[in-house]
Amino acid sequence: MTSDFFKYQAQTTPHPLAMEISHANGSYIYDINNKAYLDFVAGVSACPLGHNHPKVINAIKKQLDSYLHVMVYGEYILKPAVELTKLLAKNLPLPLEKTYLTNSGTEAIEGALKLAKRATGRSQIIAANKAYHGNTMGSMSVMGYEERKQAYRPLLPDVQFISFNNEADLEHITTKTACVILETIQGGAGFIAPQNGYLEKVRNRCNAVGALLILDEIQPGIGRTGKLFGFEHYNCTPDILVTGKGLGGGMPIGAFTASAKLMDLLQDKPKLGHITTFGGHPVIAASALATLQEITESNLMHDALEKETLFRQLLVHPLIKEVRGIGLMLALIMTSEDIANTLILKCQEAGLILFWLLFEPKAVRITPPLTITNEEITKGCAIIIDVLNSIS
């Protein structure tokens, strides 16, 4: 299987971890030798209820018995998709009331950028340095990291970059700006949270010049920060909200949400303003609905903040410079890139899954399932400290 993996399946790095998976359950992933790995990554924030959660699995199985794909997006009434979008609206502030379901976060970003241009009649997009919003051409155009983009130019024109948390840069948002797109908490850059009312100030500037604000909640959304969406911490409601990852409960999904007035622009002039075949797929929507119901009806969001406190208490070591993030969206900032790499690889050997961030080489990702127990947190943190002691 390993040789076939490298021969037939395209890779994204020269050295993938290449662990062959047998099964997964709860907070654990098992390899083909039945070795258990405690999962502190949750599929890069995509499995908020852990692995094989019974409510998610039952929802998927129930939908499988009814129907799979039946028609391109938006033509037929599919109960799982309707109930999912209704539940999102119920848990979002106005005017965020109507949702377009997509196949991935990056597709949702594409739709959001198109909607902003359609609504404003403007072309300029403002994004943040060190931002990551996905890897399709439009999403890559608003990625604030030239090294990852240069091989694929030309990209979208009329994109300008500002620095996250830099208030002076807000003057670049003008009456020529269609939209400002920001991650509520910068992910790939190192889990950098807004400071000093930054998002509220961006919101006010957009209001003043008639630009739309798009907030990317693909990573922080779906309860990970202790609230359903990260923007709820910062007194800032976007015009367009983008989510993905954790919404699917382990299944592929994306979504962008806006007011009915904005969303209805995709219906006409031109018709078919954004189309997809498999967006809102009933099986995936059923998984997402079960996930969203469990997160909104349980104590998982409240518990995420208590679990953050436990992580911060346990992860104290001279090689850890800082613990960044909110709730269960945390990053260890190590003293060097080599220490970060060694920690991730040695922890895997010891039965703990950690991972990297895209642009901050000294960072180590900790984004476990929201369902992780205090005992599992304690166990995993002990492995981290033991590995760091061995490095020291």
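Considering only Ile218, Ile181, Ile77, the mean-square fluctuation computed in a Gaussian network model of the chain, springs between alpha carbons under 10 angstrom, is largest for Ile77. Which residue, chosen from Asn299, Phe311, Gly273, occupies the Cα position most advanced towards the positive end of the dipole of the range 201-346, where the dipole is computed from +1 (Lys, Arg) and -1 (Asp, Glu) charges on Cβ about the Cα centre? Positive-most Cα among the choices belongs to Gly273. List, in the order given, every pair from Lys130/Lys271; Lys176/Lys261; Lys130/Lys245 whose Cα-Cα distance in the structure shown is over 23 Å. The answer is Lys130/Lys271. One Cα centroid belongs to the range 271-305, the other to the range 347-363; the line between them spans 27 Å. Sequentially through the range 148-159, phi angles give Karplus couplings (6.51, -1.76, 1.60; θ = phi - 60°) of 7, 10, 4, 6, 10, 6, x, 10, 4, x, 6, 10 Hz, Gly and Pro residues having no value and appearing as x. Between Leu68, Leu49, Leu199, the residue with the greatest mean-square fluctuation in the GNM of the chain (Cα pairs under 10 Å linked by springs) is Leu68. Counting only the backbone N, which residues of the range 111-154 are under 13 Å from the spot 7 Å out from the Cα of Lys176 toward its beta-carbon? Residues passing the 13 Å test: 122-126.
Listed peptides 105-112, 299-306 appear in the order 105-112, 299-306 once ranked by packing, highest mean of other Cβ atoms within 10 Å at the front.
Under 20 Å of direct C-alpha separation, and excluding same-chain neighbours fewer than eight residues apart, Lys35 reaches these aspartates and glutamates: Glu20, Glu349, Glu375, Glu376, Asp386.
Students often check this: by mean Cβ neighbours within 10 Å, which of 382-391, 122-131 ranks highest, and how do the rest follow?
On the way: 382-391: 16.5, 122-131: 21.4.
My ranking of the peptides, most packed first, is 122-131, 382-391.
Taken about its Cα centre, the chain carries a charge dipole of about 780 debye when Lys and Arg each add +1 at the Cβ and Asp and Glu each add -1 at the Cβ.
What ranking of Tyr30, Tyr8, Tyr67 emerges when the number of other C-beta atoms within 10 Å of each C-beta is taken as an exposure proxy, fewest first?
Values: Tyr30 16, Tyr8 7, Tyr67 11.
Least crowded to most crowded, the residues run Tyr8, Tyr67, Tyr30.
Listed by Cβ neighbour count within 10 Å, with the fewest neighbours leading, Arg365, Arg324 appear as Arg324, Arg365.
Computed log10 I(q)/I(0) for the range 56-297 at 0.08, 0.10, 0.11, 0.15 Å⁻¹: -0.28, -0.44, -0.54, -1.00, from the Debye equation with unit scatterers placed on every C-alpha and solvent omitted.
Ordering His133, His233, His281 by the number of other Cβ atoms within 10 Å of each residue's own Cβ, fewest first, gives His233, His281, His133. Based on DSSP H segments of at least four residues, each scored -39500 (n - 2.57), the chain has a per-residue ellipticity at 222 nm of -10500 deg cm²/dmol. Among the trypsin sites (Lys or Arg not before Pro) in the range 217-292, those placed in a DSSP loop whose Cβ has at most 15 other Cβ atoms within 10 Å are Lys271.
Read-outs throughout are calculated quantities, based only on the coordinates presented, and are distinct from any laboratory measurement. The shown structure was predicted, so the numbers you read here are calculated from the model rather than taken from an experiment. Note: ideal-geometry Cβ built from the backbone for every residue, glycine included; neighbour counts use all protein chains shown.
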